[in-house]
1. Going highest first, how would you order 89-98, 115-124 by mean Cβ packing within 10 Å?
2. Under the Karplus relation 6.51 cos²θ - 1.76 cosθ + 1.60, θ = phi - 60°, what is the ordered set of whole-Hz ³J(HN,Hα) values for the range 52-62, x standing for Gly and Pro?
3. Non-local amide H neighbours of TYR100 (under 5 Å, H modeled in plane, Pro and chain starts lacking H): which ones?
4. Which whole-number percent is the relative contact order of the chain (Cα, under 8 Å, 6+ apart)?
5. Using a basic spin-label model with each label point 7 Å from the Cα along Cα→Cβ, how many nm lie between ARG37 and THR9?
6. Cα axis of helix 3-26 to longest principal axis of the chain: angle in degrees, 0 to 90, nearest 10?
7. Per 10 Å bin from zero, what fraction in whole % of the C-alpha pairs of the range 3-132 is there, up to the bin with the longest pair?
8. Counting other C-beta atoms within 10 Å, which of SER53, SER64 has the fewest, and how do the rest follow?
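What follows draws every value from the coordinates through simple rules; no lab data is involved. These numbers were taken from a predicted model, which means no experiment stands behind them. Note that each Cβ is placed from the backbone with ideal geometry, even for glycine, and that neighbours are counted across all protein chains shown.
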Amino acid sequence: MDRAAQAQTQVTGRWGEDVAAAFLERAGYRILGRRVRPDRRDELDIVARLGDSLVFVEVKTRASEDFARPFAAVNAAKRQALNRAAVHYLRQLDFPKLYYRFDTIEVVGTEGAPDPVVRHIENAFPFAKRYMLGV
């Protein structure tokens, strides 16, 4: 991917995260952080709180679903990176006594186009067993 395509992908990703954050706020979530980097390696798109749950949200944005749903990009390697990032984040907070979960939000559309499709997948995947000892 050339630099222009990479830049456009980043712009689209940020727009999708804005759409997702607004969607979560309308649903009663409190946004605690965006593009959170609890370590040098990994990033959490959105960290939110709803009641007694701390929610790590991965946002996947696509212009269309011609090839696959956006959630298809949350593969095993991505889930491992999100698990790692979440554990680092929780360690910094001294593992608060809350429920933890991973959600995914799919955003399908383009900036400026009317009404993007937004799908919230709660409990999209579990914490990997290897990380549960620290949680």
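1. Working: 89-98: 12.5, 115-124: 14.6.
So the peptides 89-98, 115-124, ranked by packing, come out 115-124, 89-98.
2. 9, 10, 9, 10, 9, 10, 9, 9, 10, 10, 9
3. Correct list: LEU54.
4. Numbers: 211 pairs, mean separation 31.1, N = 135.
Relative contact order of the chain: 23 percent.
5. So the two model labels end up 1.7 nm from each other.
6. 60
7. Histogramming the range 3-132 at 10 Å steps yields 12, 44, 34, 9, 1 percent.
8. Details: SER53 15, SER64 9.
If I rank by nearby Cβ atoms, fewest first, I get SER64, SER53.
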